[in-house]
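The values are calculated or read from the model by the stated rules, or taken from the named source; none is laboratory data. Keep in mind it's a predicted model, so treat the numbers as computed, not measured. All Cβ positions, even for glycine, are placed from backbone atoms using ideal geometry, and neighbour counts span all protein chains on display. To get the accessible areas, we keep the full protein, side chains included, count just its heavy atoms, and leave off ligands, DNA and RNA. Shrake-Rupley method; radii C 1.70, N 1.55, O 1.52, S 1.80 Å.
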Amino acid sequence: MKEASIAKMVLVMSLVVFVVVAGLIAYSVVRFRAPAGEQRSEPPQVYGSAQVEAAWTAVPLIIVMILMLATGRVIHEVQAAPQPPNALEVTVIGRQWWWEIRYPKLGVVTANELHVPVSDSLVHRPTFITLESTDVIHSFWVPRIAGKIDMIPNRTNHMWVEPFEQGTYLGQCAEYCGTQHTLMLLRIVADSPEQFARWVAQQRQTAATAPTEPVAAAGRRVFLGTVCSSCHSVAGTSAKGRYGPDLTHLMSRETIGAGAAPNLRSTLRAWVRNPDQAKHGVLMPPMQIDDAYVDQLVDYLLTLR
Ligand code: CUA
């Protein structure tokens, strides 16, 4: 590959420089050694030689130019690599302090947990990711899968990922983006193709029908009747807010608050009562909801599977 050939080239050039420099030092050590018992004196010192000065300025300059041009070409080629034709397309949008994840061609919207199909040696299933930001600079980084790429407001960056092993890969926002930068965690879940297809089918469903259980049904009325729905969406209902994470399939996610806590009844309840306690600095305000309503709301959230 191009990257390997440039690595070899740099290695060979460095080796030549090393051999020349180390050889000259070794030669001088031996050649100008004072014979035993003799008075030590310096060899003749050379000052003001224009030729020598020019030579040791020009040679390194040429070497650096060669390295710079070769590296520039490889970077350009790597950047211009075309999107694989069968790639799954995902848009990940950095927000303070969570990740919005959209699969535009599949009609799926989720948050903080990016599901992708796993590749194997026979079939490649790359995922092409468009990276954006709505507020400040964030950086998408899942170390076991790929390098980091910044998410910059008013700019679109691209990368693709292609895990070969199923499982969950942990990531983290890698650009300081404010109070909750530390708790802007990310997961890539690499599913088998069958699991991924099931996940997509499930994520595409709406939550149109109200839960039959009375407490959860009451919670749904609270959710749709208060400010919850101005920031959050639940597909199939009147809740169409875009500011906070889409909650249509909240319970299919392992964590809440972009990895701030595991997704359990107890943590959800604590979150709804006072999000700032679970994630200090979070932009969701404490809604001062009565405890009875909090319980109804949580029961409703637990139905969003
Ligand atoms: Cu987002 Cu740091």
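Remarks
- Selected from Ile256, Ser230, Ala278, residue furthest toward positive end of dipole (the chain; charges at beta carbon): Ser230
- Largest GNM mean-square fluctuation among Ser28, Ser229, Ser121, using the chain with Cα springs under 10 Å: Ser28.
- Rounded to the nearest 20 debye, dipole of the chain from Cβ charges on Lys, Arg, Asp, Glu: 180
- Fluctuation leader among Pro126, Pro285, Pro245 - the chain, Gaussian network, Cα springs under 10 angstrom: Pro285
- For region 105-131 and region 222-294, distance of Cα centres in Å: 26
- In this view, the solvent-accessible surface of Lys279, computed with a 1.4 Å probe and all protein chains in place, comes to about 10 Å².
- Cα gyration tensor category, rounded, prolate or oblate, for region 88-192 with a/c compared to 1.5: prolate
- Taking all protein chains as shown and a probe of 1.4 angstrom, Phe32 keeps an accessible surface of around 110 Å².
- Solvent-accessible surface (1.4 angstrom probe) belonging to His280, in square angstrom, nearest 10: 120
- Tensor-based shape of region 144-223 (alpha-carbon gyration tensor, a/c under 1.5 rounded, otherwise prolate or oblate): oblate
- Fraction of beta bridges assigned by DSSP in the chain that are antiparallel (%, nearest 5): 70
- Ordering 48-58, 287-297, 174-184 by mean Cβ neighbour count within 10 Å, with the highest value first, yields 174-184, 287-297, 48-58.
- Cα gyration tensor shape for the chain, rounded if a/c is under 1.5, else prolate or oblate: prolate
- Cut-off under 5 Å, modelled amide H: who pairs with Ala239 long-range: Val234
- Axial C-alpha extent at least 24 Å, average Kyte-Doolittle at least 0.0 - helices from the chain (DSSP): 2-31, 50-79
- The chain: most fluctuating residue of Val16, Val116, Val222 per GNM, C-alpha cutoff 10 Å: Val16
- Selection from Ser266, Val10, Thr182, by position along the positive dipole direction of the chain (Cβ): Val10
- For the chain, the number of Lys pairs separated by eight or more positions or lying on different chains, with C-alpha atoms closer than 25 Å, is 6.
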